[in-house]
Structure formats: structure tokens, C-alpha cells
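Just below is one structure, and these are the notes that go with it.
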Amino acid sequence: MTTNLGFRPDFLRAFEHFNLEKWQRWMEQWLLGIEAEPRIDVHDGNLLEALVSLYRAMTDSPVRLAFADAAASLLQTTLIDSSSAQRLSVMIGLVSYARPTSGRAAIRKLVNMDPIWFTGNQMTSIHLEALNAAGRYGLDPWLLRYVTKQQPGSTLQHNLACFRILVQHDHAAEAFLVLDRIIPQVGDRASESALRVELTYAADFLGCVGLLRYAMDRQPVLEYRESLADAGNHFSNAMTSALRRHLSANDLLAFARSYPSTWTEALVPFLAELHKVTLKDGRPLWSLEFLSTSTPCLVVRGAFTRLSASDSNVIRVLEDSMSRSNNPYLFDMDRSLAEFDRFKGQVGTGVVK
Amino acid sequence: MSTLEIAEGEEFIWGEVWSYLLSTLANLSEGGKQKLRALAMTPKGKLCATCLAIDLRSGAIRTQEVSEIFENVRGDDVCSGIAKALSEEKYDNLICCSLLESPVPKANDAYVTVMEIATFIYKFVRPNTGEGFAPEEVKKILDTYFDDEGDLSALIKCDLQPSGRLWVLPRSEYSDLLERANRGKSARVFLDALGLTLKSGHGVNGLPFLVAILHPEGHDCGAKQPTSWDVWWANTHIQFISFRRVDGWGRTFSCTGMRYFESNDEGMPRERVHRDSHSLSGFTGRIIGGSPPVEPVSQDEVFRAALKRFAKAWPRRAEGDDNRDDQSRLQA
């Protein structure tokens, strides 16, 4: 019989008497490539994966805590140099997973070191791994200061990691400040994709409204500064792609409420643009159509195809909200409901006249 | 055919494997010969010897390479010694370097890599973002990289260490397995067919959770038919058998020994291996799903299946000879 994690209980009993020193010695041997007893199965030579599996298989006990502490102490004593890159990577991975209290200082030391120590492909990754591990310990004032302050020569990956940490800990305002320094660094398709991944996560974690507001606020700056035109395009693509997955009628409602006075001037074109770029396979995930007639009439037809009929209530509130706004146009509720019926099953409507 | 007859037949083929290796590696020093003899002591060692014999006979690896590795094996455990020797930088040129021709697959049959989510994170996500495989990180990674689009373009760096290689299968066979997996609502079919003997993973409750990376059409990562040098022989259990020269593809050996493709030689999915640390720009990610581990057949059974493959592995003399050889060997 084996545990869920593939270890036989009698095998795990072999570690029962292990304390901090024994774990240190045992791990040290494995790090040196010596298969110390009790032997674990290092599949395809991946030591980190094997150690994490062992840690997960152990029940919460002093032995398990000692295991994590041993990893932290070995990390603390490892030379920070490319010659120790493999060892550092294993130890950071283990500490990041187990998060022993004693590991925080070692991780902080790594994060705080001058980037010059982390040049070369593998060492750059190690600094990112350490930064990510620091985020897993929580956002204390020290880390908050570190991730919000612009580090000299910080790379896009570094800034994205800072953004992710702030999002994870619900620090939206600071995250958007970091986003300001990320956008100019986004210059190609790969970096746009990297930004999209983090924005998708932020949309899921923080909600879409904050992101929409941020995009609305930054749009003019990105449009008018020629040097940012390229970055602005990449940012816009990444943002719409991120919103595509998470935007809901509730978000739109909250968003519309934030901009009652600028509905027609700013919000409508913005949403129209958003609609245009979120078309997937010719079908909108959600859409707003604008039909101008000879009279000063603007029809906004919100087609929330991804929403169920119950969302019609939300759409009504949205319409209601628009009708009460200081909008030069009047809101035709009857016509809007008739439109809604016409598009029933896939559409909710609002008509602004 | 009775069990005894099969056993006798196997004994005979093992004898052939052994004499073939001894004659081919006649130039080994006494120390090297000792290491070679030590292989015959365990089922895993016998499997290793048989795979080497298949590769040598098919012309996939050179005699000189085998001799050199055996001269460099240290320690009592020869299989682990081979793994360690192969991980030395000087033998880097042996990884994914089968001498058999491996033509690039047709445009509509591009490569697919299937792996456990932790391997994906370790090789592709960690070098780019520093993220690890704690449960909340795994969830975030699945949500952001494996959505409907599965756009993996953000992953520009890749770290294939420590194994230094990735295994691929053709898209057509991936699709077939996926269909079966969808029918059975489980990724078990992938674990079994591809011979993935994972005991645990990073899915719910520590179960293996598989994802697939779909290569863009026409992408050439220089994948080759796998040889004995592409196996991490230090693993406790080996679910690999070399395959003779046929079409530039190897064949997996399923965990349960079940055949999956009757039209295919050996009935197992085709496989190749590559060492190209490419960016994932243009690649697509797909979730396959989780499954309890599949208990593999014993190492003895894998060894027996390897003997059958050896029996079919004859040096090719001319086009079409393979089939004739197969038939005559089977009749014999």
C-alpha cells in the first residue's frame, strides 16, 4: 500500500527519528549527488521534485518542520554564485514550497542582493525564484517597499513578478503604479503575452473594474505620447485579452457608474473598441453596438452573449443608471426592453436616445 | 504455446542478446566487462543490456560510445552509474542523437509533448517567472496559460535540466488518445499509453495532472528516435524499450502492457525525444486532466517485452527487409 503521494508508510517511518542535523546531512549528500540512506526515487534526476514529494507525503509533525528548517539553513549557507546555481534553485524551490519561518531571512537576503550577482541566464531565474518565494511569505512592509520601489536596471520579468506579488496581496493601487513602469518595457509579442498572463491573473484576483478604470485613465497618455505608441498597442492587446475572460455585466455596471458624466464621450468609444477586439471566431463574447441615426440618437445595444437571461436584471440596472446620469441623451427604457426581447437568449439591450 | 515454451524462448533470446553484446563489445577492458556482467544481475540491468543490444543492432548508437560509457561507469549500481556518466558534459552529444534518420513529421501531424503540470512549471514557467508548484501557484498557472486559447508565447525561456530532454508524440496519436481520455473522463489512458509511471503529481490530492504542449505545424525541434542513452537509468523502474529501425520513431511501452494502436507496429504510440530549449512562442497549451497513478507491470515483464523487440531487430539490408526479417524470426 502506498500513500497518495506514492510513498509506502513504512518507508516514511525510516525518517521518524530525523532531526534538524540529520536532515541537513541527508540533504547535503543528495545535493552533492550522493544517494544517502534512506534513498528516495529521484525521477529523471529532478531532486527538487523528489524532495517536495517527500515533504508533502510527511504528515504535519516536528520531523516535517525539521525538514523545512534544514532546507532553510542549507539555503542560508549556500554560496551565491553561478557555480551554486543548481543547488540554490533546489533550495529556494523547497523553501518557497514549505515556507519555514527560518527561511524568510535567507530568501530576503537573496532578494536584497545587488542584481550584479545575478547575471547570466540561470542566475537571473534564481533572483526571480527568490522574489517569488519572498512573496509567498506575505507582504510585509519591507517587501512592499522593495516591490514598489523601482530597482535600478530591473527587467520586465522582475517588474512583472513585483506586480504579481502586489496583486496576490490585494494591493491594487501599488500594483497599478508598478504597471506604469511595466508598460514602456512591453515591446514585442512575447512581452505582450507575459503581460497578458499577469493581467489575466489580476482581472481574476482583483476584478475587472479596477483594470478597466486604469486602462481608461492611461489611454490618453498612451495615445498622445508618441514614444509609447507601440507599448500602448501591446498593452491594449494584453488588457483586452485579459478582460475577455473575466468581464461580466456586473463589472460593466460598476464601471458605468464610475463614469456617469463621460458616458458618451469616453466610455462608449472605449467599450466599442473593447467589443471590437474581443470578437472571437466572429462571435462576440459580449458586445455593444452603436447605431447612429439622422436624429441625434445613439443606440447602445449590449449583447451579452456569454450571460444568462437572469443577467437582464443587471442590464436593466445598467440602463437605469445611464438614464439617471447627467447625460445629454435620454434613455428610452421601453424601446430598450423591446430590443432586449428581440435579442432574447443572447442579448440584453439598452437604448440611449 | 505454453508458459514453459515462452520462458524457454525468452531464455534463448536473452542468450542471443548476451552473446551479441559480448562479441560487439569484445574490446572492453576487464573492468568494463565486469560492469557489463553486473548488468545481468537485475531485471533493470537486463533491460538496459537488451535496449543497448537493440540500438547497436539497429545502428542507432555506436559500439565505441557504449564501450566508453562502460569504461566510465563508477559505483556498484551499474544502471545508476550509466545515468551519472551520461549526465557528464562530455557525453552531451549522446543525448537525443540517434543515428537513425528521423524525418520531420508532416504539417498536419506536428509534435505534442505530454507532461505532468509540475514538469511544465519546472521546465517552462520557473525560468521565466520564478513561480513554483505550490497548490495556489499551480492553479494560477493552469488558469492563465491553459485557457481556451492556451497561448504559451509568454514562455520564452526553457530549462530542460536535469534530464536535458523532452519526449514528443505525433498529433494524430495524441488526438486519438485524447478522444479515449474524454470518453473515459480520465487522463489514465495517457499515463498508461505513454508509459508514465508517475507515483504522484500536483493535481488534486497529490494525483498526477497532465497537460499537453502542441507544437506549431512544421516546427522542427530536431527530435530523434529515442535510444538507451535517452533514459535516466537511475530511476527505480524503467518503462522504456528501444525500438528497431523502421520509421524514425520509437515506440512507448504502456504501463499495463496494453496495445493501443493495432495498425501501428507494436501497438504502442510512436515517440521521439529532443533537447531543443526552444521558446514556446506559437505553441498551444491544453489541459488533459488528472488521474490516479497507473501501476506499471513488473520490471521483469518490461524486460520480456524488450526481448521480443530484440528478436525483431535485425540490421536492415535493403528496403522491405524489415518485414521479411520479422516474419522469418517469428516463424523461427
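The values are calculated or read from the model by the stated rules, or taken from the named source; none is laboratory data. The model shown is predicted, which means the values in this text are computed figures rather than measured ones. In this analysis, Cβ positions are derived from the backbone assuming ideal geometry, glycine residues included, and neighbour counts consider all displayed protein chains.
Remark: pairs (first residue in the stretch B:172-183, within 17 Å of B:Met115 (Cα to Cα); second residue among the aliphatic types (A, V, I, L, M) and modelled with pLDDT under 95; Cβ separation under 6 Å; 6+ apart in sequence or on different chains) = B:Ala181/B:Ala187.
Quick check, is A:Asp140 more than 11 Å from every other protein chain (Cβ to nearest Cβ) and on the phi > 0 side of the Ramachandran plot? Give the steps one after another, and end with the answer.
Details: more than 11 Å from every other protein chain (Cβ to nearest Cβ): yes; on the phi > 0 side of the Ramachandran plot: no.
Here the answer is no, as A:Asp140 does not meet what is asked.
Is there a residue being within 14 Å of chain A (Cβ to nearest Cβ), surrounded by fewer than 19 Cβ atoms within 10 Å (Cβ to Cβ) and touching a residue at least 60 places away in the same chain (Cβ under 8 Å) anywhere in the stretch B:221-228? There is no residue in the stretch B:221-228 that is within 14 Å of chain A (Cβ to nearest Cβ), surrounded by fewer than 19 Cβ atoms within 10 Å (Cβ to Cβ) and touching a residue at least 60 places away in the same chain (Cβ under 8 Å). Residues considered: B:Arg259, B:Arg244, B:Arg275. Of these, the only one that is basic (Lys, Arg) and closer than 29 Å to A:Gly33 by Cβ is B:Arg275.
Only a single item in (1) at pLDDT below 95; (2) crowded, with 22+ Cβ neighbours inside 10 Å is not met by B:Arg272, and it is number (1).
When the helices (runs of 4 or more DSSP H) confined to the stretch B:1-105 are screened for residues that are touching an Asp or Glu at 6+ places or on another chain (Cβ under 9 Å) and touching a residue at least 40 places away in the same chain (Cβ under 8 Å), those reaching at least 1 such residues are found at B:30-39, B:43-58, B:63-72, B:78-86.
The set of residues in the stretch A:25-34 being surrounded by 14 or more Cβ atoms within 10 Å (Cβ to Cβ) and either touching a Pro at 6+ places or on another chain (Cβ under 6 Å) or charged (D, E, K, R) (or both) consists of A:Glu28 alone.
Considering (1) modelled with pLDDT of 95 or more; (2) among the aliphatic types (A, V, I, L, M); (3) within 16 Å of the chain's Cα centre (by Cα); (4) not assigned by TED's automatic domain parsing to the domain that holds A:Ser83, the lone condition that A:Val209 does not fulfil carries the number (1). I'd like the residue in the stretch B:117-165 that is β-branched (Val, Ile, Thr) and facing another protein chain (nearest Cβ under 7 Å) and, out of all such residues, is farthest from A:Ala85 (Cα to Cα). Result: B:Thr144.
Once the stretch A:182-193 is narrowed to residues that are in a helix (DSSP H, G or I) and in contact with a helix residue (DSSP H, G or I) (Cβ under 6 Å, 6 or more places away or on another chain), the residue that is surrounded by the fewest Cβ atoms within 10 Å (Cβ to Cβ) is A:Pro184. Pairing residues of the stretch A:191-208 that are of a type in the set (Lys, Arg) with residues that are not in a helix (DSSP H, G or I), at Cβ distances under 8 Å and at least 6 apart in sequence or on separate chains, gives A:Arg196/B:Asp151; A:Arg196/B:Ala154. Residues considered: B:Glu295, B:Glu319. Of these, the only one that is more than 30 Å from B:Arg183 (Cα to Cα), at pLDDT below 95 and not aromatic (Phe, Trp, Tyr) is B:Glu319. On the given criteria, is B:Ser298 touching a residue at least 12 places away in the same chain (Cβ under 8 Å), surrounded by fewer than 16 Cβ atoms within 10 Å (Cβ to Cβ) and hydroxyl-bearing (Ser, Thr, Tyr)? Spelling it out, B:Ser298 is indeed touching a residue at least 12 places away in the same chain (Cβ under 8 Å), surrounded by fewer than 16 Cβ atoms within 10 Å (Cβ to Cβ) and hydroxyl-bearing (Ser, Thr, Tyr). For the stretch B:186-203, give me the residue count where each residue is closer than 10 Å to B:Ser291 by Cα and either at the interface with chain A (Cβ under 10 Å from one of its Cβ atoms) or touching a helix residue (DSSP H, G or I) at 6+ places or on another chain (Cβ under 8 Å) (or both). Result for the stretch B:186-203: 7. Once the stretch A:118-161 is narrowed to residues that are assigned to a helix (DSSP H, G or I) and exposed (fewer than 14 other Cβ atoms within 10 Å of the Cβ), the residue that is modelled with the lowest pLDDT is A:Asn121. Scanning the stretch A:86-115 for residues that are assigned to a helix (DSSP H, G or I) and polar (S, T, N, Q), we see that the one that is nearest to the other protein chains (Cβ to nearest Cβ) is A:Ser96. Evaluation of A:Thr101 against the conditions (1) hydroxyl-bearing (Ser, Thr, Tyr); (2) at pLDDT 90 or above; (3) under 30 Å from B:Ser277 (Cα atoms) shows that the sole unmet condition is (3).
Restricting B:Cys51, B:Cys79 to those that are modelled with pLDDT of 95 or more, crowded, with 18+ Cβ neighbours inside 10 Å, in the same structural domain as B:Asn27 (by TED's automatic domain parsing) and not acidic (Asp, Glu) reduces the list to B:Cys51.
Residues in the stretch B:93-116 that are of a type in the set (Asp, Glu) and within 14 Å of chain A (Cβ to nearest Cβ): B:Glu116 alone. Scanning the stretch A:10-68 for residues that are away from every other protein chain (no Cβ under 14 Å), in contact (Cβ under 8 Å) with a residue 40 or more places away in the chain and polar (S, T, N, Q) yields a count of 2. Those helices (runs of 4 or more DSSP H) of the stretch B:126-240 that lie entirely within it include none in which at least 3 residues are under 29 Å from A:Leu199 (Cβ atoms) and not assigned by TED's automatic domain parsing to the domain that holds B:Met268. Annotation note: Cβ proximity below 7 Å between a residue of the stretch A:147-161 that is within 13 Å of chain B (Cβ to nearest Cβ) and a residue that is of a type in the set (Lys, Arg) (sequence gap 6+ or interchain) occurs for A:Asn159/A:Arg181.
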